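Accompanying notes for the structure given below.
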Amino acid sequence: MSNRHLARSVVMQILYQWDFRGRPTAALPAIIDQHLVDFGSGLEANSTYITDTVDAVVEKVDELDAEIAKFATNWPIEQMTLIDRNILRIGVYEMHHNKNIPMKVAINESIELAKNYGGPSSGKFINGILGAMCTEEETKEE
């Protein structure tokens, strides 16, 4: 497993805890620090990626949730599992806001996170939403 994949797992765990606790922005630095100590061994080179991604997702959470809602018409964001919701937030952030990550990589990494941490149908759910976003994006570029 690559260090970047492990770093995404840590990002997902941080966002999960933040969301589970009711999204306390003031507690976010402590949550990040705790996870870097507990799970970040060997990920020192990716600590900036972890912190920057968490901060960006939290800052853009309403925008990301609105984008997800456009493609998950049968699943209101508040009814999604915490895992799926936060994996989607990471995926959408990386697809639309982090230009250093190719769209296909963002999708594939999100699907892998869903398979590892989500329920039995999480991978398909994440793939369906992010795949539809990608298709729309590719259609716009033509």
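The values are calculated or read from the model by the stated rules, or taken from the named source; none is laboratory data. As the structure is a prediction and not an experimental result, all values here were calculated from the model. Here the Cβ is made from the backbone with ideal geometry for all residues, glycine too, and neighbour counts use every protein chain on show. The accessibility values were calculated without ligands, DNA or RNA, using every heavy atom of the protein model including side chains. Shrake-Rupley method; radii C 1.70, N 1.55, O 1.52, S 1.80 Å.
Give me the percent relative contact order of segment 1-72, please, defined on Cα pairs under 8 angstrom at least 6 residues apart.
Over segment 1-72, the number comes to 39 percent.
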Inset, instruction - Only Lys, Arg, Asp and Glu count, each charged at its Cβ (+1, +1, -1, -1), so figure out the dipole size of the chain about its Cα centre, rounded to 20 debye. - result: 340
Legend entry - Backbone N under 11 Å from the E59 label point (7 Å along Cα→Cβ), restricted to segment 1-40: none
Inset, instruction - Quick one: compute the contact order of the chain, relative version, from alpha carbon pairs under 8 angstrom and 6+ residues apart, as a percent. - result: 21
Legend entry - Surface accessible to a 1.4 Å probe, per residue, for the residues of the chain, Å²: 52
Inset, instruction - Return the sequence-ordered ³J(HN,Hα) values of segment 98-113 in whole Hz as given by the Karplus equation 6.51 cos²θ - 1.76 cosθ + 1.60 applied to θ = phi - 60°, using x for Gly and Pro. - result: 9, 6, 7, 10, x, 4, 5, 5, 4, 5, 4, 5, 5, 4, 5, 4
Inset, instruction - Extending each Cα 7 Å along its Cβ direction at H96 and I77, get the distance between those two points in nm, one decimal. - result: 0.9
Legend entry - Value at 222 nm in deg cm²/dmol, rounded to 500, when DSSP H runs of n ≥ 4 in the chain each add -39,500 (n - 2.57): -24000 deg cm²/dmol
Inset, instruction - Please give, to one decimal in nm, the separation of the simple spin-label points placed at E141 and R4, each 7 Å out from Cα toward the Cβ. - result: 1.6
Inset, instruction - Could you run the Karplus curve 6.51 cos²θ - 1.76 cosθ + 1.60 with θ = phi - 60° over segment 8-21 and give me ³J(HN,Hα) per residue in whole Hz, x for Gly and Pro? - result: 5, 4, 5, 4, 4, 5, 5, 5, 4, 5, 4, 5, 4, 7
Legend entry - Options T139, I32, P120, ranked by Cα towards positive dipole end of the chain, top entry (Cβ charges): P120
